[in-house]
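Contents: one structure, followed by commentary.
Please treat every number below as a calculation from the coordinates, not as lab data. As the structure is a computational prediction, the values presented were derived from the model and not from experiment. Because the Cβ atoms are built from the backbone with ideal geometry, glycine has one as well, and the counts that use them run over all protein chains shown.
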Amino acid sequence: MQAVGRPGRSAPQRVLVAGCGTGVEAFVMRRRLPTAEIVAVDFSPRSIVWAKRLERAADGVRPITFRVGDLTDRKIADVVGGDFDLITCHGVLSHLPKPSVVLENLAACLRSGGALYLGVNGEAHPATRLRPWLASFDLAVDELREERRLRELLGLWDALNDDGSGELATMSSSYLGGDVCGPHFNNWSLARWRSEANRVGWEVAGTDVLPMALHLAAERKNDRVLYPAGVGELAARLDQARPAGFHRIMLRRAPAGALAVTRAGDGTRPLHWTGLYTVRFSQSAERRTVKVVFNWAAFHVRFEHELTAGQQLALRALMAAGVAPDGWTRQWNRTAGGRRLLWLWAGLGVVVVGDAAGAGVRG
Ligand SMILES: C[S@@+](CC[C@H](N)C(=O)[O-])C[C@H]1O[C@@H](n2cnc3c(N)ncnc32)[C@H](O)[C@@H]1O
C-alpha cells in the first residue's frame, strides 16, 4: 500500500480507519505502522465500546483514538479530524446505497498526496448469484430472518458448487448476516467502482490483482492489446475478463482535468521505484545486453527482461535514488520499446508515475 499509494514517501504518519467495527483492522494497522497516529471511526456506538475495551486489554502501545461517527455525514471531518495521509475503508462501502457520498466525505479528511485504500465486493462475490437463487425459494434475503432454512439451502448450494467460497452452510451467523443477507449489496465490477470514484475526483492508483493479471497477460505475450492504457483502465479491463469477488483498490486524488491517458514517464512527472521487487542482473550470452530478473516473492510474480547496457545503468540509478534522476525518463522515452517497458513496469508495480503531491498515476 505504501509503495503503490504513496510513492517516494515515508510510512504514513496519520491513519484513519473508516468503518472500524470492533477495531480489528485498526489493531492490524497499529502493528504494521507502530509510530503512526491512528484514528478509527464507526457509526455503531456498541462496536466502539467493544473496540475500546479490546484496546485496554492490549496495553503498552501507542493508543488508538476511537470515535463514533457516520461516514455519510458531510461533517465527518469535524469528528475524526483531517490531514490523514492514509485512509482505509474495508468491507464498508459494499453495503451502502450511495458509496460516492462517503468517497466524497473521505476526500475532505485526506492530506494532499495521501491515499485511500478501499476493500469492496466484486461482481464474482458469491452473494451475486446466491441472493436471487435464495429469493427464488421465497427466502427473505434483506435480513437474516430464516436462518435454519437459509442453512438448508446453503447446504444444497455447497454440494453443487465448488467455487472457492468455502462451506457457506457452516459460516457464522454474523458472516451470513453481513455477506449473504442484508438490505443492500454493491457487488460491482472494478469498472463500476472506478467510475463511482472518478465521479468524485478519485483515481485508481493500483489494485492487488493488477500485477498478477498483467503478468499472466505478458507471460503469454497477450499484453500488447492493452498498451498504453492507464492503471485504472488496465485494472478495469482485466477485471472484466477475470472478475474478482473482492477488490482491494488504492485511490489517490486526481488533479482536475488530468484523467486523460498519458504515457508512463512522460518526462514531466517523477518516476518512483516502489521497492516491491528484488532485482538480479546477469550478463546475457552475446554480452551486449543484460538480463534483469524481477521477483515479488509475496505475490509469486517473477519476470525477466533484456536491457541494453545504458538501460541497465539507468535502472540501477533509479533503484539507488528511489526516484528517477533528472532527464532519466526523457531519455528512456526516446524509443518506443523503452516507453512500452516503462508502461509494463508501471502496471506490474515496479515503478509508479506521479508527483509527490499525488498527481495522476498513469501506466
Ligand atoms: C464488515 S464491517 C468491517 C469492519 C472493519 N473495517 C474490518 O474490516 O474489520 C463494516 C463496518 O462498517 C460500519 N459502517 C457501516 N456504515 C457506516 C457508516 N455510514 N458510518 C460509519 N460506519 C459504518 C459498520 O458498523 C461495521 O462496523
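Would the range 1-128 count as rounded, prolate or oblate if I go by the C-alpha gyration tensor, calling it rounded below 1.5 in a/c and otherwise prolate when a/b exceeds b/c, oblate otherwise?
Judged from the Cα gyration tensor, the range 1-128 comes out rounded (a/c under 1.5).
Just ASP326, ASP223, ASP70 to compare: in a GNM of the chain, with alpha carbon springs under 10 Å, which one fluctuates most?
ASP326
For ASP158 and THR289, calculate 0.36 nm times their separation in residues minus their Cα-Cα distance, and state this gained length in nm to one decimal.
Length gained between ASP158 and THR289: 41.8 nm.
Can you give the charge dipole size of the chain about its Cα centre, rounded to the nearest 20 debye, using +1 on the beta carbon of Lys and Arg and -1 on the beta carbon of Asp and Glu?
1320 debye
Among MET171, MET250, which comes first, second and so on when ranked by fewest other beta-carbon atoms within 10 Å?
MET171, MET250
Taking the Cα atoms only, what angle lies between the long axis of helix 126-135 and the longest principal axis of the chain, rounded to 10 degrees?
30 degrees
Give the order of ARG148, ARG46, ARG32 when sorted by the count of other beta carbons within 10 angstrom, beginning with the fewest.
In increasing order of surrounding Cβ atoms, one gets ARG148, ARG46, ARG32.
Starting from 0.36 nm per residue, how many nanometres of slack lie between ARG248 and ARG149 once their C-alpha separation is accounted for?
My answer for the length gained is 32.4 nm.
For the range 1-114, what's the relative contact order in percent, using C-alpha pairs closer than 8 Å and at least 6 residues apart?
Once normalised by length, the contact order is 28 percent.
Report, largest value first, the span of the C-alpha coordinates of the range 271-353 along each principal axis, in whole Å.
The Cα atoms of the range 271-353 stretch 33, 33, 23 Å along the principal axes, largest first.
Given PRO243, VAL225, VAL351, which one lies farthest toward the positive end of the charge dipole of the chain, if we put +1 on the Cβ of every Lys and Arg and -1 on the Cβ of every Asp and Glu?
VAL351
What number do you get for the chain when its Cα radius of gyration is normalised by 2.2 N^0.38 Å, N = residues?
1.08
Each residue of the range 211-226 in order: what ³J(HN,Hα) in whole Hz does its phi give by Karplus 6.51 cos²θ - 1.76 cosθ + 1.60, θ = phi - 60°, with x for Gly and Pro?
For the range 211-226, the Karplus curve yields x, 5, 5, 5, 4, 4, 5, 5, 4, 9, 6, 10, 8, 4, 5, 8 Hz.
Projected onto the charge dipole of the chain (+1 at Lys/Arg Cβ, -1 at Asp/Glu Cβ, origin at the Cα centre), which of THR35, GLY19, MET319 gives the Cα projection farthest towards the positive end?
MET319
Can you compute the charge dipole magnitude of the range 126-180 about its Cα centre, using +1 on each Lys and Arg Cβ and -1 on each Asp and Glu Cβ, nothing else charged? Give it in debye, rounded to the nearest 20.
Roughly 100 debye for the range 126-180.
Evaluate the Kirkwood expression for the hydrodynamic radius of the range 114-221, namely the inverse of the mean inverse distance over all pairs of different C-alpha atoms, and round to one decimal in Å.
16.1 Å
With the alpha-carbon atoms as the only input, what is the per residue convex hull volume for the range 126-180 in Å³?
73 Å³
State which stretch of the chain is the longest one without any exposed GluC sites (Glu not before Pro), exposure meaning a DSSP loop state and at most 13 other Cβ atoms within 10 Å.
Here the longest segment lacking exposed loop sites spans 1-142.
Could you tell me how many degrees, from 0 to 90 and to the nearest 10, lie between the Cα long axis of helix 336-348 and the main elongation axis, the longest principal axis, of the Cα atoms of the chain?
30 degrees
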